[in-house]
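See structure below.
FYI, it's all coordinate maths here, none of it is from the lab. Please read these numbers as outputs of a predicted model, since none were measured by experiment. Neighbour counts run over all protein chains shown; Cβ positions are idealised from the backbone, glycine included.
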Amino acid sequence: MSIWDFLVWMFWVYVTIACIWIFITIIIDVFRDPSLNGGGKALWVLFLVFLPFLAAFIYLIARGKGMAERRVEQAQAARAETDSYIREVAQTSSPGAEIESAKRLLDSGAISQSEFDTLKTRALATA
């Protein structure tokens, strides 16, 4: 086997993997599309199974814009969810709220007066 045979073989492996990737992406998009009913989804999948290359080209031409829009919406929703979670976790309470919380713990007997003083000093120091 010469180096050229190996390079041709590698090229066809790459093309095969790329085609499989495209087919899987299209099938995922078909099932995530809320505008398609069950029959439409079944027809697209059958079309992809029996005439994969033709179906992929037609799908990308006919529905590629919607595919991109759904992908952008999904990314924006994931980013908004992540940002919301980060804001929720990163919120810092005010020193007054921390002292009030420590006072409730002191009044309930969960902490001693010295622990309360330590928490109060720490809350005021971070302010």
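Can you put Asp29, Asp117 in order of Cβ neighbours within 10 angstrom, beginning with the fewest?
Fewest-to-most ranking of Asp29, Asp117: Asp117, Asp29.
Fewest Cβ neighbours within 10 Å first, please rank Trp4, Trp44, Trp9 accordingly.
Trp4, Trp9, Trp44
Dipole size in debye (nearest 20) for region 25-127 around its Cα centre, Lys and Arg Cβ +1, Asp and Glu Cβ -1?
Its charge dipole is roughly 460 debye.
With +1 on each Lys and Arg Cβ and -1 on each Asp and Glu Cβ, how big is the dipole of region 56-99 about its Cα centre, in debye rounded to the nearest 20?
Roughly 420 debye for region 56-99.
As an exercise, find the ratio Rg/Rh for region 1-61 from alpha-carbon atoms, using the Kirkwood inverse-distance average for Rh.
1.18
For each of Glu100, Glu69, count neighbouring Cβ atoms within 10 Å of the residue's Cβ, then give the residues from fewest to most.
Starting with the residue having the fewest Cβ neighbours, the order is Glu69, Glu100.
Given N residues in the chain, what is Rg(Cα) / (2.2 N^0.38 Å)?
Computed over Cα atoms of the chain, the ratio equals 2.11.
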